[in-house]
1. Is it the case that some residue within the stretch 259-268 is within 24 Å of A348 (Cα to Cα) and buried (at least 19 other Cβ atoms within 10 Å of the Cβ)?
2. Please pick out the residue among F307, F350, F338 that is touching an Asp or Glu at 6+ places or on another chain (Cβ under 8 Å) and not β-branched (V, I, T).
3. Taking A159 as the residue in question, decide whether it is under 29 Å from L416 (Cα atoms), of a type outside the set (K, R), touching a Phe, Trp or Tyr at 6+ places or on another chain (Cβ under 6 Å) and modelled with pLDDT of 90 or more.
4. Going by the structure shown, is A94 within 30 Å of A288 (Cβ to Cβ), in contact with a strand residue (DSSP E or B) (Cβ under 7 Å, 6 or more places away or on another chain) and surrounded by 23 or more Cβ atoms within 10 Å (Cβ to Cβ)?
5. Could you tell me which residue of the stretch 120-138 is surrounded by the fewest Cβ atoms within 10 Å (Cβ to Cβ), considering only residues that are out of contact with any Leu (no Cβ under 6 Å at 6 or more places or on another chain) and in a loop (DSSP other than H, G, I, E, B)?
6. Scan the stretch 238-259 for residues that are in contact with an Asp or Glu (Cβ under 8 Å, 6 or more places away or on another chain) and small (G, A, S) and jot them down.
7. I'd like to verify a number: residues in the stretch 208-229 that are small (G, A, S) and surrounded by 22 or more Cβ atoms within 10 Å (Cβ to Cβ), how many?
8. Working only within the stretch 288-318, note down all residues that are of a type in the set (A, V, I, L, M) and closer than 25 Å to V76 by Cα.
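The values are calculated or read from the model by the stated rules, or taken from the named source; none is laboratory data. Keep in mind it's a predicted model, so treat the numbers as computed, not measured. With ideal geometry, Cβ positions are generated from the backbone for all residues, glycine too; neighbour counts draw on all protein chains shown.
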Amino acid sequence: MIWAPLLPLLAIGASAAPSIAAPKPVTIPLVRRHGLYKREHGTDWAKAQADSLKGKWEERSSNNKRASGINELVNVGTDSSYYGSIAVGTPPVAFNVILDTGSSDLWLASSTCYTGCQKVPTFDAANSTTFKNLTTAFSIRYGSGQAAGELGSDTVQMAGFQVTGQTFALADQVSSGLLSNPVSGLMGLGWSSIASSGAVPLWETLAKNNQWTDPVMSFFLTRFIDVNGARSQEPGGEFMMGGTNTQLYTGDIDYVNIPSGQESYWLIPLTGVGVGGTNILGSTVNAAIDTGTTLVGGPTSSIEAIFAQIPNSQAGTGDLDGYYLYPCSTSVTITMTFSSRTWSIDPADFMLMRASSSMCVGAFFALNLSGSAPSWIVGDTFLKNVYSVYRYNPPSVGFANLSSSALAQSTLGRTLPSATIGSSPVSVTSVANNGAVGTKQVATMMGVGAGLLGAMLF
């Protein structure tokens, strides 16, 4: 999900059906923030990311016009998190949100927020002529705090598309450090079956109503973790709805199907994890692909096996419990195999941060999840190395090699994207999800240290 806090939403009741509108092709740039997230920072930052990952996953057991659109992203804190922009209300107001494939709810800080929202742009329902208060309470919990408020519905625009009557949460209580300017909330891009609000996510409404040229959404994430002089925020790449950007990848997209009937997280079979030519994975397991998480999390036995292949590595303690340290002089290349295709993780991404002058912290974290939770959570440490595609039908996740054009975007001096509001969006009405409303926890890398905002744990 996003940074490192947990975002569980407690929502009761059904929401009104939303409507949809489709725009001209637009791209959403991503931006990345830095500062508190650079690898030179202390172990408290690493702990926040780990808490965010654990918190997010431990407790989660009508028209024919079609188009595509792009949302440029921002890279925050040298690859700590990535956010894009949406517009909400009438007239529309732009907000920055973490884009999280590991959760399915949209929430924003409310103008009525009385704790934890200082200096954060907030949504004022009174200024929107199309807002409806659903008078349903909700609660969001993070690894390092929580948020609470009410559910509402309004018109939401993203990447040139518009959904009318989209249900989202307005937070008026947020734990200190959970939100960090300029990010105001989170956009869940998972499936409706795990939406705490009971609402159909914006992306799923668009896909169901055939608003996209192709039934996919795709991500390209920049890498600045190894770039000296990187700013706290850098251009973060691109999020695209309704298609793929062929300039950003080469070769074919290799799709792996989600197991039948398991459309919840973007969950696909992981068939191998390699280090030094050794596959440490004994059998095929399920892995959730999560743009809102910085780390890669796996069972303790598997993480131990990875570092057993790296000479002079050792288990972390204290704030680094669950992590492993290894000599910074060692260049480590990890591979992950989905189905029959193997992908490499750049050594720069494997090195999360320095623990001392000679020892570095690996970006693979020991995470023992129970119940129906996935065995592995695959976050941005891996996703920066591929062009990733999330397909509605048939439900699947695809990866492709990055192009030279994409790799060239991780350079200094480029202008940050700004939030934009589409002039002629494609419009659709949202429909409430049928089924029981549950309680979910979402962790990302946020804020001061986690998943993506505040404590880098969202």
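1. no
2. Values: F307 fails: touching an Asp or Glu at 6+ places or on another chain (Cβ under 8 Å); F350 fails: touching an Asp or Glu at 6+ places or on another chain (Cβ under 8 Å).
Criteria check complete, one pass: F338.
3. Judged against the criteria, A159 is not a match.
4. On the way: within 30 Å of A288 (Cβ to Cβ): yes; in contact with a strand residue (DSSP E or B) (Cβ under 7 Å, 6 or more places away or on another chain): yes; surrounded by 23 or more Cβ atoms within 10 Å (Cβ to Cβ): no.
When the stated conditions are applied, A94 does not pass them.
5. T129
6. Of everything in the stretch 238-259, those that are in contact with an Asp or Glu (Cβ under 8 Å, 6 or more places away or on another chain) and small (G, A, S) turn out to be G242, G243.
7. Here is the first cut: in the stretch 208-229, the ones small (G, A, S) are 218, 229.
Among the residues that remain, those that are also surrounded by 22 or more Cβ atoms within 10 Å (Cβ to Cβ) are: 218.
Residues meeting the conditions: 1.
8. Listed by number, the residues that qualify are A288, I289, L295, V296.
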